[in-house]
Amino acid sequence: MSDSKKLWGGRFTGQTDPGFARFNRSFGFDRRLFEADVRGSLAHCEGLRAAGVLGEEEASVLSGGLGELLARAGREGAAFFEDEGAEDVHSFIEARLVELVGNPGRRLHAGRSRNDQVATALRLWLRDEIDRTAESLHGVQAALLDLAESHADAVLPGYTHLQRAQPILFAHWCLAYFEMFGRDGERLSEVRRRTNVLPLGSAALAGTSYAVDRERVARALGFEAVSRNSLDAVSDRDFCVEFAAAASLVMAHLSRLAEDLIIYATTEFGFVELSDAVATGSSLMPQKKNPDALELVRGKSGRVFGHTLALLTVIKGLPLTYNKDMQEDKEALFDTADTVRESLEVTATVLRNVRLREARALDAATLGYMNATEMADYLVRRGLPFREAHEAAGRMVLYGLSKGLELHELELEELRGFSTLVGEDVYEALSLERTLASKAQAGGTAPVRVDEALKAARATLS
């Protein structure tokens with residue numbers, strides 16, 4: 001695009017340096033805003049018509065032209081956007097519109113600036129992207145529930161410090177991640193609400209002098225409110241940072257889930273097996289089955305974390321109002337949205353391609369003195385103070401280790417040697433069934449509580 005055709009060329013007489021022009025150009029990435037920008041332009045056109053700035057015929061011609069641009073983009077795909085001269089998506093749209101409808105295309109920009117135009121397009125685009133991300137998030141939650149319900153009675157060792165701690169239901173483990181992703185969904189909903197505010201009508205920074213009904217434009221675009229301060233409206237990118245931060249937490253939770261499954265799929269643990277659909281092999285070692293899908297999800301979390309910091313760094317020292325630094329928000333935001341959604345979709349696929357080795361998990365949940373806490377609780381119920389009960393149970397474990405026996409494998413008299421409060425009912429108290437059933441308070445791993453939680457989760461998701 002020659003300098004004479006640029007949206008800002010009137011004040012300039014010299015030619016733009018080609019190197020700077022390339023450096024300044026954003027069309028290579030901000031063309032992703034094309035559809036959102038055209039939607040905003042259609043609403044702005046109607047606002048100008050209602051304000052009497054555009055005549056009925058002009059508005060009709062412009063609306064028809066913008067609609068045709070959308071249609072052409074759909075028909076022609078990437079070829080439609082081949083334009084080495086376009087500075088950004090806004091200049092591209094205006095140039096194509098003028099080519100299509102002539103001089104009326106030059107009247108559309110009255111009452112707005114690229115500053116409020118891009119803020120509007122970015123909010124429209126992100127609003128839709130949040131909805132798509134939420135849908136993908138629900139897909140992961142649904143996969144977790146399906147997996148939990150298909151192994152409703154399966155038992156898994158729970159861990160602290162990656163050391164076997166207490167037995168839990170596998171469904172309880174699934175529901176833990178369901179809760180994390182539920183909070184992620186709530187955060188995305190809150191970000192969407194703050195994103196869904198119309199900045200159009202703020203113009204460059206001071207507001208527009210045309211009598212455009214901003215509330216009417218907001219309704220046409222599905223915005224819940226209009227911005228209250230024009231200076232803030234054109235310089236605000238909080239919603240981008242908020243989305244990246246919410247996406248970072250989604251990725252953190254996906255990474256934790258990936259880490260658990262990676263560990264559980266090792267030969268050393270062997271609790272789960274990934275199907276061939278979501279694993280790869282080794283170019284050297286024929287026996288290998290690598291969890292590459294999960295490792296990539298885990299690795300991509302750092303990428304999203306970095307984008308969050310990058311966005312914060314871009315805005316941290318900007319004076320009011322718009323500054324060209326803010327062009328740097330888009331690539332970080334676009335890649336964040338792509339990465340989190342793709343990671344969610346791949347994770348859902350992995351969860352639908354996981355086989356739980358129930359027998360292996362059950363064995364692990366009944367070995368390693370996993371019922372030591374139950375022994376301490378048993379002694380407390382028999383009247384021993386907890387600290388003394390804890391000490392006694394610990395000495396029983398030490399004794400069991402020396403004998404190579406689990407607590408429930410020790411003779412009654414051996415156990416009574418550590419506390420005379422131990423009775424014949426101790427073996428029932430130490431059983432896996434009783435251990436699980438005793439965790440019957442709200443949020444616990446007792447089968448009755450987990451069954452209730454599964455039903456509640458399914459109702460929440462639907």
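The values are calculated or read from the model by the stated rules, or taken from the named source; none is laboratory data. These numbers were taken from a predicted model, which means no experiment stands behind them. Glycine also receives a Cβ, built like all others from the backbone with ideal geometry; neighbour counts cover every protein chain displayed. Heavy atoms of the whole protein, side chains included, go into the accessibility calculation; ligands, DNA and RNA do not. Shrake-Rupley method; radii C 1.70, N 1.55, O 1.52, S 1.80 Å.
In this simple spin-label approximation, Val98 and Ser402 carry label points 7 Å from Cα along the Cα→Cβ vector, and these lie 9.3 nm apart.
The angle between the Cα long axis of helix 56-76 and the longest principal axis of the Cα atoms of the chain comes to about 50 degrees, rounded to the nearest 10.
A simple charge model with +1 on the Cβ of Lys and Arg, -1 on the Cβ of Asp and Glu and nothing else charged puts the dipole of the chain at about 1100 debye relative to its Cα centre. Take the Cα of Ala225, step 7 Å toward its Cβ, do the same at Phe20, and the gap between the two points is 4.0 nm.
The sum of -39500 (n - 2.57) across all DSSP H runs of n ≥ 4, divided by the residue count of the chain, sets its helix-only mean residue ellipticity at 222 nm to -20000 deg cm²/dmol. Any idea what angle helix 170-195 forms with the longest principal axis of the chain, computed on alpha-carbon atoms, 0 to 90 degrees, nearest 10? For helix 170-195, the angle is close to 20 degrees. Region 314-373 and region 147-209 have Cα centres separated by 10 Å. Relative to the current alpha-carbon distance between Glu186 and Thr349, full extension at 0.36 nm per residue lengthens the span by 56.4 nm. What the Cβ-Cβ distance of Ser431 and Tyr159 gives, at R0 = 22 Å and to the nearest 0.05, is a FRET efficiency of 0.55. Sorted on the mean count of surrounding Cβ atoms within 10 Å across their residues, most packed first, peptides 213-221, 17-25, 280-288, 177-185 read 177-185, 213-221, 17-25, 280-288. Computed over region 367-462, the range of Cα coordinates on each principal axis works out to 54, 28, 21 Å, biggest value leading.
Could you calculate the FRET efficiency of Ser60 with Ala206 from 1/(1 + (r/R0)^6), where r is the beta carbon distance between them and R0 is 25 Å, rounded to 0.05?
Calculated value: 0.25.
Note on region 193-254: along the principal axes its Cα atoms extend 48, 22, 12 Å, ordered by decreasing extent.
Each peptide among 379-388, 140-149, 349-358 gets the average number of other Cβ atoms lying within 10 Å of its residues, and from highest to lowest they stand as 140-149, 349-358, 379-388.
Per residue, the convex hull spanned by the Cα atoms of region 1-132 measures out at 119 cubic angstrom.
Each residue, Leu320 and Lys455, gets one label point 7 Å from its Cα in the Cβ direction; the gap between the two is 5.6 nm. Computed on the Cα atoms alone, the convex hull of the chain gives a volume of 203 cubic angstrom per residue.
Taking the 1.4 Å solvent-accessible surface of region 328-462 as the whole, the part contributed by carbon and sulfur is 52%.
For the chain, DSSP calls about 85 percent of its internal beta bridges antiparallel.
The long axis of helix 447-461 is offset from the longest Cα principal axis of the chain by roughly 10 degrees.
Treating each Cα of region 301-405 as an identical point scatterer and summing with the Debye formula, the log10 of I(q)/I(0) at q = 0.15, 0.17 Å⁻¹ comes to -0.77, -0.86.
A 1.4 Å probe run over the protein chains yields, for region 332-373, 39 Å² of accessible area per residue, whole-number rounding.
Reported to the nearest whole Å, the Cα centre-to-centre distance from region 49-101 to region 214-239 is 23. Per residue, the convex hull spanned by the Cα atoms of region 397-439 amounts to 81 cubic angstrom. Of the two radii for region 237-286, the radius of gyration is 1.22 times the Kirkwood radius, both from the alpha carbons; that is the Rg over Rh value.
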